[in-house]
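Written below as structure tokens is the structure these notes are about.
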Amino acid sequence: LETKSKLLSERSSTLLQASKDLRPSLTPADLQFFDMLQRMRAQCTVWENTVHQLQYAAQTVSMDGGGIAALPMLLPLEAADVRTLLRGQKDSIDQTQAHIQSTEALVAELVRETGGVVMTSSSSSDPY
């Protein structure tokens, strides 16, 4: 029984030593590399935040000096829908302005024919 116990103890000791040898160990170069990766990850996070801030700033800058603010961050399909809507509104405004001009021209002709005073939307004084 004692020999079996001693044999088992030796086997356990051998297995323990083998498992210690299999355990991964990091060299100083490995530790330095992982430290460098951690610093790079932190720097990338700073850069990503800066990029996001610049993207936001670029989107809020007016386009073509026309005073129209750039679209906020939208999905491409949503942005296309908004642009289509804005184009439609611009067309509607342009048509309304053309209608106003033609109406002013008709009113001016009517006033000329009746001998009255011509009033336009740009006139600031009220003759009546």
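Which residues, counting only those in region 13-37, are assigned to a helix (DSSP H, G or I), of a type in the set (S, T, N, Q) and either modelled with pLDDT of 80 or more or in contact with a His (Cβ under 7 Å, 6 or more places away or on another chain) (or both)?
Passing the criteria: Ser13, Thr14, Gln17, Gln32.
If I ask for residues that are free of Cβ contacts under 8 Å to residues at least 12 places away in the same chain and surrounded by 11 or more Cβ atoms within 10 Å (Cβ to Cβ), which ones from region 97-111 would you list? Give the steps one after another, and end with the answer.
First pass over region 97-111, keeping only residues free of Cβ contacts under 8 Å to residues at least 12 places away in the same chain: 97-99, 101-103, 105-106, 109-111.
The answer is Gln101, Thr103, Ala105, Glu109, Leu110, Val111.
Kindly indicate whether Met40 is modelled with pLDDT of 85 or more, out of contact with any Cys (no Cβ under 6 Å at 6 or more places or on another chain) and either assigned to a loop (DSSP other than H, G, I, E, B) or open to solvent by 70 Å² or more (accessible area, probe 1.4 Å) (or both).
Considered against the rule, which asks whether it is modelled with pLDDT of 85 or more, out of contact with any Cys (no Cβ under 6 Å at 6 or more places or on another chain) and either assigned to a loop (DSSP other than H, G, I, E, B) or open to solvent by 70 Å² or more (accessible area, probe 1.4 Å) (or both), Met40 comes out as yes.
What are the pairs, 6+ residues apart or on separate chains, where a residue within region 75-91 that is among the β-branched types (Val, Ile, Thr) has its Cβ under 9 Å from a residue that is not in a helix (DSSP H, G or I)?
Close Cβ pairs satisfying both conditions: Val82/Leu71; Val82/Leu74.
The values are calculated or read from the model by the stated rules, or taken from the named source; none is laboratory data. This is a predicted model, so every value here is computed, not measured. All Cβ positions, even for glycine, are placed from backbone atoms using ideal geometry, and neighbour counts span all protein chains on display. Only protein heavy atoms, including side chains, enter the accessible area calculation; ligands, DNA and RNA are left aside. Shrake-Rupley method; radii C 1.70, N 1.55, O 1.52, S 1.80 Å.
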